[in-house]
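Reading through the structure tokens given below for one structure.
Each value in this text was obtained by applying a stated rule to the coordinates, not by laboratory testing. Bear in mind the structure is a predicted one, so any value in this text is a computation, not a measurement. In this analysis, Cβ positions are derived from the backbone assuming ideal geometry, glycine residues included, and neighbour counts consider all displayed protein chains.
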Amino acid sequence: MNIKLNAVLELARLYNYDSGHSHQVECLVGTLFMELESLHNLGREDRKLLEYASILHDIGYYVSAKGHHQHAMMMILQEPLPELTREEKTIIANLARYHRKSGPDAVKHTTFGILSDENKQRVMLLAPILRLADALDRSHQGLVQELFCDIREDAVTIYVGSEAELPVETAAVERKGDLFRQVYRRDVQLRVLRPRLPTARVEAEYAFEAAV
């Protein structure tokens, strides 16, 4: 039994989270994390914190749609969550806060500024991945079925398999890829392959279902 995950899920349910969207984003961040491993060089525990943040990233809607990312951060910080260490909870709160709008700023944002240098770097590397995953389900319809990334020196192309054209998600990736471009020094683009990815790729480790 994963007591940390259970605690996160209990908190999400307390604030009536959108389970369909949140767990789609959870799956997407897990796959993106693995696909981009050569760029971030983070470990399994970092992936778990990113997945927990993806489950909680929109709970701020319980308070208000406006500024819901900031509400989510404060709600996470104010919960006891004894199953998580103080550092883990603060990292998750920061990731939820930075899933939209401005990026991390150690001077202007106290909750980011209090982190150790190591944890600041973890948030800097993880937040862009959460933004991209959220963008890939911008319509909240779970349209992305699988994905893989092509990493080049100057750009990362995210190939997704879907039955739909994904105009909303494409626009969202372009817009919410800002932090990825800043942190990873690469452009990011979305390419939709219909109705699904090539068979050989689907059967490989990049199959979206395999990352769930």
Problem - In sequence order, calculated HN-Hα J values of segment 127-136 (Karplus, 6.51, -1.76, 1.60; Hz; x Gly/Pro) - result: 4, x, 5, 5, 4, 5, 4, 5, 5, 6
Practice task
Report the charge-dipole magnitude of the chain in Debye, nearest 20, computed about the Cα centre from +1 at each Lys and Arg Cβ and -1 at each Asp and Glu Cβ.
Solution key: 580
Handout entry: Proximal charge balance of residue 70 [Cβ under 10 Å; K/R count +1, D/E count -1]
Key = +4
Problem - Acute angle (nearest 10 degrees) that the helix 44-56 long axis makes with the longest principal axis of the chain, alpha-carbon atoms - result: 80
Handout entry: Solvent-free Debye scattering, log10 I(q)/I(0), computed from the Cα coordinates of segment 3-211 at q = 0.11, 0.12, 0.13, 0.19 Å⁻¹
Key = -0.47, -0.57, -0.67, -1.44
Practice task
Please name which of 53, 64, 29 has its Cα lying farthest along the dipole of segment 25-66 towards the positive end, using unit charges on Cβ (Lys, Arg +1; Asp, Glu -1) and the Cα centre as origin.
Solution key: 64
Completion exercise
Taking GluC sites (Glu not before Pro) as exposed when in a DSSP loop with at most 13 other Cβ atoms inside 10 Å, the chain has its longest clean stretch at 1-152
Completion exercise
Helix 86-97: inclination vs the chain longest Cα principal axis, degrees, rounded to 10, gives 60
Problem - DSSP bridge orientation in segment 3-211 - percent antiparallel, rounded to nearest 5 - result: 45
Fill in the blank from the handout: Mean separation of Cα contacts under 8 Å (at least 6 apart) over the residue count of segment 15-125, i.e. the relative contact order in percent, is 23
Fill in the blank from the handout: Rounded to the nearest 0.05, FRET efficiency between residue 193 and residue 114 (Cβ-Cβ, R0 30 Å) equals 0.10
